[in-house]
Amino acid sequence: MKTCIATSDFFVPGETFINRHIEHIFGGETCVLTGRFNGTDPLGKPIFERRAPLSTADRLRAPFAMGWNALTESTGRLPFGDNKARLRDWLRAQEVEVILAEFGTQALVVAKLAQEMGLPCFTYFRGTDASFALRSKKTVRAYKHMMPRLAGVFSVSQFLLDNLARHGVSHPNAHVVPSGVDIRRFTPAEKTPGSFLAVGRMVEKKAPQVTLRAFASAARGRDAHLTFIGDGPLLETCKAMATELGIGAQVTFTGALPHDEVRQHLMGTEIFLQHSVTAKNGNTEGLPTAIQEALACGCITLSPIHAGLPEAVEDGVNGLLVPEWDEDAFAERIAQLLDMEDRSAMTRAARDTAVARFDNAVLLEKVERIIRDTLA
């Protein structure tokens, strides 16, 4: 089934979930509709860049077309004029049978055109599109216009669907399908006792300072080491904080690393830390891929009760949970794990969870089956 994957940027190496769809869904019979194209196409797919320079006529139409769309659809992002005609012709030339818009905000761009063309359109909510984006009343209204035009909705967590519903945005054909992980590549290796790992952008939503202070409180002077993988605006702050807390020798900051190097760290790490929180702007996680990768590698996961994380981490079974922002509880749980004589049962449970629930091959088949059943 020829599928058009709609995304905001292409190619982005870190967006493994989107790239997997582009490469593999329905046997890889895909093309890409992207907002911006950086010129790199390792997957060799036909590409339409919708933010390419406008024609002279479209530049003249833009204020009126975007204004009208904003008035009637609550978004000015819909294609119009010559660009809309080019996109329509391209979709036909590619013989597209279904559109899958990665992130709800991308579905806003294509849902109306898809409906006009008689093309079924699905979207995949993954995090910010069903949290921070909902702070805008215009976006909520735009989603409400969009939903009846969609054939179905996917979400990486029930939390995000519930959050949409609280804003009056829902769809009768909605399904929770996590992004998943390649459980054949992400596997446990020999674990280094007392090893801790945190992976992610050093930004407010990931709360790296909370993780760092809690680790210092529980593990200072003990046989424990924490590795931070990731870059971002809080990196230098956290480096200075580690020194101030007296744990400079117990913490390593690697900066951003290629995905395969992250995998190597996960395979040998015993405990994975992720204290994601709701940012001041309302942005939350969906169900982070890093959590699913950590579980697949048999990492005991310590995380807050935040967004979709409790849908993956079962307290006392494959990891431990604490209230969001509760730094003292986070430290107590780190100490609890360090004091535990045998952590092997939790390591096995982590791996078992990933095999049973987050195998991306199984989840991809589930998405395909839902699309086929919907269109039957």
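The values are calculated or read from the model by the stated rules, or taken from the named source; none is laboratory data. What you see is a predicted model; the values in this text were computed from it and never measured. Cβ coordinates were reconstructed from backbone atoms using ideal geometry, including for glycine residues, and neighbour counts include every protein chain displayed. Just so you know, the surface numbers come from the protein's heavy atoms only, side chains and all, with ligands and any DNA or RNA stripped out. Shrake-Rupley method; radii C 1.70, N 1.55, O 1.52, S 1.80 Å.
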State which residue is least open to solvent (accessible area, probe 1.4 Å) when the search covers only the stretch 240-264 and only residues that are farther than 17 Å from GLY200 by Cβ, hydrophobic (A, V, I, L, M, F, W, C) and part of a loop (DSSP other than H, G, I, E, B). ILE247
Against the conditions (1) aromatic (Phe, Trp, Tyr); (2) in contact with a strand residue (DSSP E or B) (Cβ under 6 Å, 6 or more places away or on another chain); (3) closer than 16 Å to ALA296 by Cβ, where does PHE196 fall short? Just the number, please. (3)
Taking the stretch 51-80 as the region of interest, how many residues are small (Gly, Ala, Ser) and over 29 Å from the mean Cα position of the chain (by Cα)? 5
Would you be able to tell me the number of residues in the stretch 176-220 that are in a strand (DSSP E or B), small (Gly, Ala, Ser) and surrounded by 21 or more Cβ atoms within 10 Å (Cβ to Cβ)? 1
Here are some conditions: (1) without any contact (Cβ under 8 Å) to a residue 24 or more places away in the chain; (2) at positive phi. ALA249 meets all but one. Which one does it not meet? (2)
Which residue, of ALA93, ALA165, is under 24 Å from the mean Cα position of the chain (by Cα), surrounded by fewer than 19 Cβ atoms within 10 Å (Cβ to Cβ), small (Gly, Ala, Ser) and at pLDDT 95 or above? ALA165
Whether any residue in the stretch 353-376 is surrounded by fewer than 19 Cβ atoms within 10 Å (Cβ to Cβ), at pLDDT 95 or above and farther than 30 Å from PRO120 by Cβ is what I want to check. yes
Can you tell me which residue within the stretch 123-144, out of those that are of a type in the set (D, E, K, R) and crowded, with 21+ Cβ neighbours inside 10 Å, is nearest to LEU71 (Cα to Cα)? ASP129
Quick check: is even one residue across the stretch 265-279 surrounded by fewer than 18 Cβ atoms within 10 Å (Cβ to Cβ) and at pLDDT below 95? yes
When you scan the stretch 319-337, do you find a residue that is out of contact with any Lys or Arg (no Cβ under 8 Å at 6 or more places or on another chain) and closer than 24 Å to GLU261 by Cβ, even just one? yes
Out of curiosity, is ALA101 in a helix (DSSP H, G or I), surrounded by 14 or more Cβ atoms within 10 Å (Cβ to Cβ) and not acidic (Asp, Glu)? no
Would you check which residues across the stretch 285-324 are farther than 22 Å from ARG126 by Cα, surrounded by fewer than 24 Cβ atoms within 10 Å (Cβ to Cβ) and of a type in the set (A, V, I, L, M, F, W, C) and list them? VAL317, LEU320, VAL322
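Any residue at all in the stretch 104-111 that's open to solvent by 30 Å² or more (accessible area, probe 1.4 Å), of a type in the set (Ser, Thr, Tyr) and either within 21 Å of ARG372 (Cβ to Cβ) or modelled with pLDDT under 95 (or both)?
no
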